[in-house]
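Step one of this worksheet: look at the structure below.
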Amino acid sequence: MKKFDAIIIGTGQAGVPLAKALAEQGWKLAVLEHGFLGGSCVNYGCTPTKAMVATARRAYVAADSSAHGLMTRLDKVDLPKIVARKDQIVQSFRGSVERKLSHENITLYRTTGKFVGTYLIQAGDEVIEGKRIFLNTGQSPLIPDTPGLAEVPYLTSTEILDLKELPRHLLVMGGGYVGLEFAQMFRRFGSKVTVVQRGGMLAKTEDPDIEQELRKVLESEGVKILLNSDTKKVGKKGGDVVLTLDSEGKSKIISGSHLLVATGRKPNTEELNLGKAGIDHDKRGYIKVNEKLETNVPNIYGLGDIRGGPAFTHTSYNDYEIVYRNLVLGENVTMNDRVLVYAMFIDPSLGRAGLTEREAKEQGYDYVVAEYPMEWVARAIELGETSGKMKMIIDKKTERILGAAILGYEGAELIQVVAAYMNAGASYKVVQRAITIHPTLAEGIQSLALQIKP
């Protein structure tokens with residue numbers, strides 16, 4: 001039996017940098033991956049979707065520049081060429097991951113892994129042993145048990161990336177981040193798009209005022225949104241997919257050429273045989289970990305999406321940093337030490353840092369809210385990008401920033417400015433007193449902070 005200092009199952013955004021860093025420290029490692037190297041980010045998530053979102057942005061600008069005095073128009077979208085560009089970028093990223101894992105101290109197994117003992121892993125035809133085991137197997141699309149769904153040719157966030165034919169009418173089940181990014185993307189490519197959301201708001205983790213602005217952006221581009229609409233049955237009629245909905249308490253039938261199911265994600269833990277190692281997990285399959293990412297079994301860790309909570313590439317990467325700093329550098333860092341940030345890459349993008357207003361209220365903070373519309377930001381006016389708003393939540397007692405949301409042009413970039421202040425523990429008054437370049441979008445953050453009066 002081969003024995004290793006550590007076994008890493010999954011090559012996502014925690015597993016790969018951890019393997020490289022530990023190998024450079026002289027650890028002997030086994031890394032297991034049955035799919036493409038790089039996890040969902042490189043293959044099905046960030047890299048391919050944002051490449052296509054960028055193309056959709058260009059299509060939008062080409063089709064709608066008359067306000068700038070440019071008489072252009074979008075004549076045709078070459079979807080196969082768009083997909084080919086995406087594939088080329090993905091391939092280059094996969095190559096980068098492979099190079100990182102090409103180390104003399106790393107043995108790469110192109111297979112699944114499952115527990116056959118507490119520290120024993122079945123790797124293909126072999127059983128291998130690890131002193132420490134890191135689980136980083138990620139998530140995959142969750143398919144609801146809606147009657148008739150299994151009988152129609154639906155798409156998930158994986159298959160839709162490889163479409164070569166532009167949908168005539170794309171139906172999207174689910175109004176979360178994944179569904180909305182694809183909804184806007186294909187609307188900009190020229191498809192008719194309808195989003196079906198079971199609840200009363202899109203992106204349900206956001207504050208209602210931000211959600212309203214977000215919905216306004218999508219509807220202004222022609223995306224049809226059906227809230228409070230539960231899909232009761234899926235069927236076929238001719239070449240179309242047909243959804244029977246309970247919409248606002250009434251029966252409604254809609255049809256489209258393609259169906260995207262974007263109703264959530266599930267952890268890839270079923271094949272791990274967690275019970276054999278005695279690893280605690282919840283009823284959905286998410287591994288339970290403490291603030292240092294340790295499971296209930298000593299020297300076994302859960303990293304990235306399979307531990308539940310925010311499922312983002314950058315939080316997975318920070319999981320690697322926490323484990324590495326504690327194990328190798330002898331530090332004592334936890335998940336509680338970080339300011340969570342994320343973005344939704346619709347256009348304009350939504351950047352978020354820290355708490356929402358709802359969360360601040362639930363946690364009992366005495367807070368004040370500042371708001372500033374993008375249409376008041378000089379640079380946004382000059383660019384012709386005035387959709388959206390900025391929002392900041394301040395702790396009255398400490399004067400620190402509890403959280404912020406920026407829905408606006410380059411909102412995903414701008415939120416990093418706020419996050420830097422938050423990581424420094426700075427008072428909102430530091431933001432107010434800083435010198436900011438005029439005219440810039442970041443200047444709007446200072447204007448936002450200036451809405452708070454001492």
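The values are calculated or read from the model by the stated rules, or taken from the named source; none is laboratory data. Computed from a prediction, not measured in an experiment: that's the story for all the values here. All Cβ positions, even for glycine, are placed from backbone atoms using ideal geometry, and neighbour counts span all protein chains on display.
Return yes or no: is G124 at pLDDT below 95 and surrounded by fewer than 17 Cβ atoms within 10 Å (Cβ to Cβ)? Steps first, please.
Numbers: at pLDDT below 95: yes; surrounded by fewer than 17 Cβ atoms within 10 Å (Cβ to Cβ): yes.
So G124 passes the test.
Could we say that K114 is outside any loop (DSSP other than H, G, I, E, B), crowded, with 20+ Cβ neighbours inside 10 Å and not assigned by TED's automatic domain parsing to the domain that holds I381 here?
Numbers: outside any loop (DSSP other than H, G, I, E, B): yes; crowded, with 20+ Cβ neighbours inside 10 Å: no; not assigned by TED's automatic domain parsing to the domain that holds I381: yes.
No.
Taking interchain pairs and intrachain pairs at least six residues apart, which have beta carbon atoms under 6 angstrom, with the first residue in the stretch 95-111 and more than 14 Å from A6 (Cβ to Cβ) and in the same structural domain as I7 (by TED's automatic domain parsing) and the second of a type outside the set (K, R) and surrounded by 14 or more Cβ atoms within 10 Å (Cβ to Cβ)?
Correct list of pairs: V97/V16; V97/L37; V97/G38; E98/L37; K100/V16; T111/H34; T111/A123.
Pairs only if they're at least six apart or on different chains, beta carbon under 8 angstrom, first in the stretch 148-174 and at positive phi and in contact (Cβ under 8 Å) with a residue 12 or more places away in the chain, second surrounded by 18 or more Cβ atoms within 10 Å (Cβ to Cβ) and small (G, A, S); list them, first residue then second.
G174/A262
Are there any pairs, at least 6 apart or on different chains, whose C-beta atoms fall under 6 Å, with the first in the stretch 432-454 and in contact (Cβ under 8 Å) with a residue 40 or more places away in the chain and the second among the charged types (D, E, K, R), and if so, which?
Within 6 Å, the pairs are P439/R379; T440/R379; L441/R379; L441/E410.
Assess whether A424 counts as being touching a residue at least 12 places away in the same chain (Cβ under 8 Å) and either out of contact with any Gly (no Cβ under 9 Å at 6 or more places or on another chain) or surrounded by 21 or more Cβ atoms within 10 Å (Cβ to Cβ) (or both).
Values: touching a residue at least 12 places away in the same chain (Cβ under 8 Å): no; either out of contact with any Gly (no Cβ under 9 Å at 6 or more places or on another chain) or surrounded by 21 or more Cβ atoms within 10 Å (Cβ to Cβ) (or both): yes.
No: the conditions fail for A424.
Just give me the residues in the stretch 284-300 being of a type in the set (S, T, N, Q) and either touching a strand residue (DSSP E or B) at 6+ places or on another chain (Cβ under 9 Å) or buried (at least 16 other Cβ atoms within 10 Å of the Cβ) (or both), in sequence order. Talk me through it step by step, then tell me what you get.
The first filter runs over the stretch 284-300 and keeps only residues of a type in the set (S, T, N, Q), leaving 290, 295-296, 299.
Passing the criteria: T295, N299.
Please determine whether any residue of the stretch 64-77 is at pLDDT 95 or above, out of contact with any strand residue (DSSP E or B) (no Cβ under 7 Å at 6 or more places or on another chain) and in a helix (DSSP H, G or I).
Checked the stretch 64-77: no residue is at pLDDT 95 or above, out of contact with any strand residue (DSSP E or B) (no Cβ under 7 Å at 6 or more places or on another chain) and in a helix (DSSP H, G or I).
I'm trying to understand the selection: among the residues of the stretch 352-386, which are among the small types (G, A, S) and either surrounded by 19 or more Cβ atoms within 10 Å (Cβ to Cβ) or in the same structural domain as E206 (by TED's automatic domain parsing) (or both)?
Our first condition is that a residue be among the small types (G, A, S); within the stretch 352-386, this holds for 353-354, 360, 364, 370, 378, 380, 384.
Once the filter is applied, which keeps residues that are among the small types (G, A, S) and either surrounded by 19 or more Cβ atoms within 10 Å (Cβ to Cβ) or in the same structural domain as E206 (by TED's automatic domain parsing) (or both), the stretch 352-386 yields A353, G354, A360, A370, A380.
Of a type outside the set (G, A, S) and on the phi > 0 side of the Ramachandran plot: does that describe L293? Step through it out loud before you land on a result.
Values: of a type outside the set (G, A, S): yes; on the phi > 0 side of the Ramachandran plot: yes.
Considered against the rule, which asks whether it is of a type outside the set (G, A, S) and on the phi > 0 side of the Ramachandran plot, L293 comes out as yes.
Within the set of pairs 6 or more residues apart or between chains, which connect a residue that is assigned by TED's automatic domain parsing to the domain that holds T11 inside the stretch 36-48 to a residue that is assigned to a helix (DSSP H, G or I) and acidic (D, E) with Cβ atoms less than 7 Å apart?
Matching pairs, first to second residue: L37/E98.
Considering only the stretch 300-410, give the helices (runs of 4 or more DSSP H) lying wholly within it that have at least 2 residues that are under 26 Å from E24 (Cα atoms). Break it down into steps so the answer makes sense when it comes.
Numbers: elements: 313-327, 357-362, 378-383.
Filter on the stretch 300-410 gives 313-327.
Going by the conditions given, is G235 free of Cβ contacts under 8 Å to residues at least 60 places away in the same chain and more than 30 Å from D64 (Cα to Cα)?
Details: free of Cβ contacts under 8 Å to residues at least 60 places away in the same chain: no; more than 30 Å from D64 (Cα to Cα): yes.
It is false that G235 is free of Cβ contacts under 8 Å to residues at least 60 places away in the same chain and more than 30 Å from D64 (Cα to Cα).
Would you mind listing the strands (runs of 3 or more DSSP E) fully within the stretch 173-281 where at least 3 residues are modelled with pLDDT of 95 or more and surrounded by 19 or more Cβ atoms within 10 Å (Cβ to Cβ)? Steps first, answer last, please.
Details: elements: 192-196, 224-226, 229-237, 240-247, 250-256, 258-261, 265-267.
The strands (runs of 3 or more DSSP E) meeting that bar are 192-196, 229-237, 240-247, 258-261.
Is one or more of the residues making up the stretch 316-336 in contact with a Leu (Cβ under 7 Å, 6 or more places away or on another chain), surrounded by fewer than 19 Cβ atoms within 10 Å (Cβ to Cβ) and among the hydroxyl-bearing types (S, T, Y)?
yes
Looking at I406, I394, I445, which one is of a type in the set (V, I, T), under 26 Å from the mean Cα position of the chain (by Cα), over 30 Å from S66 (Cα atoms) and buried (at least 18 other Cβ atoms within 10 Å of the Cβ)? Full working, then the answer.
Details: I406 fails: over 30 Å from S66 (Cα atoms); I445 fails: over 30 Å from S66 (Cα atoms).
After applying the criteria, what remains is I394.
What number of residues within the stretch 127-160 are part of a strand (DSSP E or B), exposed (fewer than 14 other Cβ atoms within 10 Å of the Cβ) and of a type in the set (A, V, I, L, M)? Step through it out loud before you land on a result.
Step one: of the stretch 127-160, the residues part of a strand (DSSP E or B) are 127-135, 139-141, 155.
So of that shortlist, the ones also exposed (fewer than 14 other Cβ atoms within 10 Å of the Cβ) come out as 127, 131.
Restricting the remaining residues to those that are of a type in the set (A, V, I, L, M) gives 127.
Number of matching residues: 1.
Any residue that is farther than 20 Å from P310 by Cα, touching a residue at least 12 places away in the same chain (Cβ under 8 Å) and either assigned by TED's automatic domain parsing to the domain that holds L407 or of a type in the set (V, I, T) (or both) - is there at least one of those in the stretch 264-282?
Yes: one or more hits.
How many residues does the stretch 140-184 hold that are aliphatic (A, V, I, L, M), closer than 23 Å to A59 by Cβ and within 16 Å of the chain's Cα centre (by Cα)?
From the stretch 140-184, those aliphatic (A, V, I, L, M) are 142-143, 149-150, 152, 155, 160-161, 163, 166, 170-173, 178, 180, 183; that's our starting set.
Subsequent filtering for residues that are closer than 23 Å to A59 by Cβ retains 155, 160-161, 163, 166, 170-172, 178, 180, 183.
Still in the running and within 16 Å of the chain's Cα centre (by Cα): 161, 178, 180, 183.
So the count comes out to 4.
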